[in-house]
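Trainee: For reference, the structure I am asking about is given below.
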Amino acid sequence: MNRHLATPVGRPPAFSYREVRHGLLRRSAGFVLGCDEIPLTRLAERFGTPLYVYSASTIRERMRAFQRAFRKAPHTVCYSVKANSNLTILRLLAGMGCGFDVVSGGELERVLRVDRRAARRVVFSGVGKTREEMQAALRAGILLFNVESESELWVLAECAARLHKTARIALRVNPDVPANTHPYISTGLQKHKFGVPIGEARALYAKASGTRHLKVAGVSVHIGSQITEMEPFAATMERVAALVRELRHDGHEIEYIDAGGGLGIAYEGGGTEVSSIKAGGDARLSITDFADYAFQYAQALLGPLRGLKVRLLLEPGRAIVGPAGALLTTVSYRKNNNSKKFLVVDAAMNDLLRPSLYGAFHEIVPVEVPREDRARETVDVVGPICESGDFLARDRELPPVDEGKLIAILDVGAYGMALSSNYNSRPRAAEVLVDGKSAKLIRRRETAGDLMRYEL
Ligand SMILES: *Cc1c(COP(=O)(O)O)cnc(C)c1O
C-alpha cells in the first residue's frame, strides 16, 4: 500500500483521499474522500445530502495555531460568530478559552446558551445595534461595545443609565486603508458604512469620556474579510497605534486594541487535484503552513504595537473554520445544452451563496475516484433553484461524475451554512461534526413543516 495515502501528508486532517481495496487480492478499486477518519460516502448514506461536514480536529488545530502565534502578547481571541454560528462549534471554541465577536442579539444569545460565563469575553460589533440588543449585552456583562457612530454612543449611554450599568466602549475607527479584497467584504474605506473616520475619533472619545455610564476602554478596527496580504493589516495597526498614543496623551485609559478579523484562506490551492493527491503531494496550506501564516499575521499586527502595553483582541472567523468544512452534494442529473455541460446537483445557492453573491471560487472534487485516470470535462455545477445565478461553479474542469455520485465543495466552513436560506422553500441542509472516528449530527435537516411553522 502506498504510504502517502495512509496518512495524509502535509495536509490538515480534514478531507483527504484514502485508497479503497476490493476482492480477495485486495486490488485497489480507487480512492474515496474522507473527513478525518470517516469516508464521506458513509456520511451521505447516514445523513443524506446536501450535507455540511466539519472536521473538529481541524477547527481545534487552526485555533490553537492562531492562539500560539500571538502567545508573546497579552491577547484574547474572540471568534467571529457570524462565520459559523452552530452551537456545537461555539461550544468547542468556548472550551478552548475563546471569546466571541457578535454582531446581533441573536449571536449573543447563542454564546450565552453555550456558556454564560463567556459573556466576559464577548465584544459586540455592528453599525445598527438596537436598544434591545444593547440592553441584553449590558445585562450579560460583555467585555466591550465596538461603537460605530456618535448617535450609537448616546443610545448606549441611555441604555446603560437605565440599567445602572457602565458600558465599556471602543470606537470602531475607519482607517481608510484599502484591503484588496472583494468590494462587498471590504470595510475599511471612507466610502463604507463602517466605523467613524479615524480623524474624527479623538473628538468623539473626548465626548464619550465625559459621559456617565460609558467607560472608554479601547480602539477597534476591522478592514474587511478574505485579506491574504499582510501590509493592509500592518498599515492599519500603525494608524491605530498613533491614535492610541494621542488618546493616552488626552488622558484616556486605553486597555484594548481590537484588531478585528479578516485573515484570508487559500481557496484556490489547486492541491486537491486528484492527480496530486494520488501522488501524495498537496499544495494547499497544511496545518504547519497555517501556523507560519498566522505567525506572519501576528508579526504584522504586533510590530506597530511594540511598547504600547495593551491587550490585543482578535476576531478571526474564516481563517479558523473555513477550511474545516465541506458541502457534500449528489449529482442529480447530467445535462448538455448544445456544447455546454451541466452537473445539476442537490445543493443550491440557498445552501451555499458565496459563488452567486461574490463570484467566489470553491474547489470541487469527486468523492470517489477510480484507480484509472479519466479524461476531464468542463462543466457548470448548478443547483435546482429557478435563477440563472444559481451556480456553485462555472466552467470547471472535473473528472466525469456520474448521476447519483457525490461531489464535495471544499472550504465552506465559513459563510456557508451561515449565509444559507430557505429560498424556493428548500429546507436547510443538515450539519455533521466529525471528530476522528466519530460523526455527530449537530443540526438536523429541516423539514417542509419547519418551513411553514411561523406562518399564520
Ligand atoms: C465579519 C467580521 C469579522 C470576521 O471576519 P473574517 O474575515 O471571517 O475573519 C470580524 N470582525 C468583524 C467586526 C466582522 O464584521
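Trainee: Roughly speaking, what is the stretch gain from D115 to T130, that is 0.36 nm per residue apart minus the C-alpha to C-alpha distance, in nm to one decimal?
Mentor: Stretched fully, the D115-T130 segment lengthens by 3.1 nm.
Trainee: Cβ neighbours within 10 Å, averaged per peptide: list 37-44, 235-242 in order, most packed at the top.
Mentor: By packing density, highest mean first, the sequence is 235-242, 37-44.
Trainee: Further question on the same structure: Less than 13 Å Cβ to Cβ from G325, Lys/Arg counted +1 and Asp/Glu -1: what total charge do the surrounding residues give?
Mentor: -1
Trainee: Heavy atoms of the protein only, probe of 1.4 Å, neighbouring chains included. What is the accessible area of I89 in Å², nearest 10?
Mentor: Result for I89: roughly 0 Å² accessible.
Trainee: Rounded, prolate or oblate for segment 132-258? Axes are the square roots of the Cα gyration tensor eigenvalues, ordered a ≥ b ≥ c, and the cut-off for rounded is a/c under 1.5.
Mentor: Prolate shape, in that a/c is at least 1.5 and a/b is the bigger ratio.
Trainee: Further question: Mind giving me the FRET efficiency for K437 and E372? R0 is 25 Å, r the Cβ-Cβ distance, nearest 0.05 is fine.
Mentor: Working from the Cβ atoms, E equals 0.25.
Trainee: If I take R0 = 45 Å and measure r between the Cβ atoms of R27 and F295 in this structure, what FRET efficiency does the formula 1/(1 + (r/R0)^6) give, to the nearest 0.05?
Mentor: Computed FRET efficiency for R27 and F295: 0.50.
Trainee: With +1 on each Lys and Arg Cβ and -1 on each Asp and Glu Cβ, and nothing else charged, work out how big the dipole of segment 125-316 is about its Cα centre, in Debye to the nearest 20.
Mentor: So the dipole magnitude of segment 125-316 works out to roughly 820 debye.
Trainee: Accessible area of F145, 1.4 Å probe, to the nearest 10 Å²?
Mentor: 10 Å²
Trainee: Normalised by the empirical 2.2 N^0.38 Å for globular proteins, what value does the Cα Rg of the chain take?
Mentor: Computed over Cα atoms of the chain, the ratio equals 1.04.
Trainee: Within 10 Å, count the other beta carbons around each residue, average over each peptide in 403-409, 110-116, and list them highest first.
Mentor: Per-residue Cβ counts within 10 Å, averaged per peptide and sorted highest first, yield 403-409, 110-116.
Trainee: Of V127, V310, which has the most accessible area and how do the rest follow, probe 1.4 Å?
Mentor: If we order V127, V310 from most to least accessible, we get V127, V310.
Trainee: So, one more: Please enumerate, by chain and number, the lysines with C-alpha under 26 Å from the C-alpha of K191, excluding those fewer than 8 residues away in the same chain.
Mentor: K82, K129, K207
Trainee: Work out how much length H192 to N424 would gain on full extension: take 0.36 nm times their residue separation and subtract the Cα-Cα distance, in nm to one decimal.
Mentor: Extending this stretch completely gives an extra 80.3 nm.
Trainee: Before I look further, what does the chain give for accessible area per residue, probe 1.4 Å, in whole square angstrom?
Mentor: Normalised by residue count, the accessible surface of the chain is 43 Å².
Trainee: What percentage of the solvent-accessible surface of segment 341-400, computed with a 1.4 Å probe over protein heavy atoms, is contributed by carbon and sulfur atoms?
Mentor: The nonpolar share, carbon plus sulfur, comes to 49 percent.
Trainee: Run the numbers for E37 and F342: contour at 0.36 nm per residue of separation, minus the present Cα-Cα distance, in nm.
Mentor: 106.7 nm
Trainee: Can I ask one more? Taking every DSSP beta bridge with both residues inside the chain, roughly what % is antiparallel (nearest 5)?
Mentor: Close to 55 percent.
The values are calculated or read from the model by the stated rules, or taken from the named source; none is laboratory data. From a predicted model like this one, the values you see are computed outputs, not experimental measurements. Neighbour counts are summed over all protein chains in view; Cβ atoms, including those assigned to glycine, are modelled from backbone coordinates with ideal geometry. All accessible areas refer to the heavy atoms of the entire protein, side chains included, with ligands and DNA or RNA removed. Shrake-Rupley method; radii C 1.70, N 1.55, O 1.52, S 1.80 Å.
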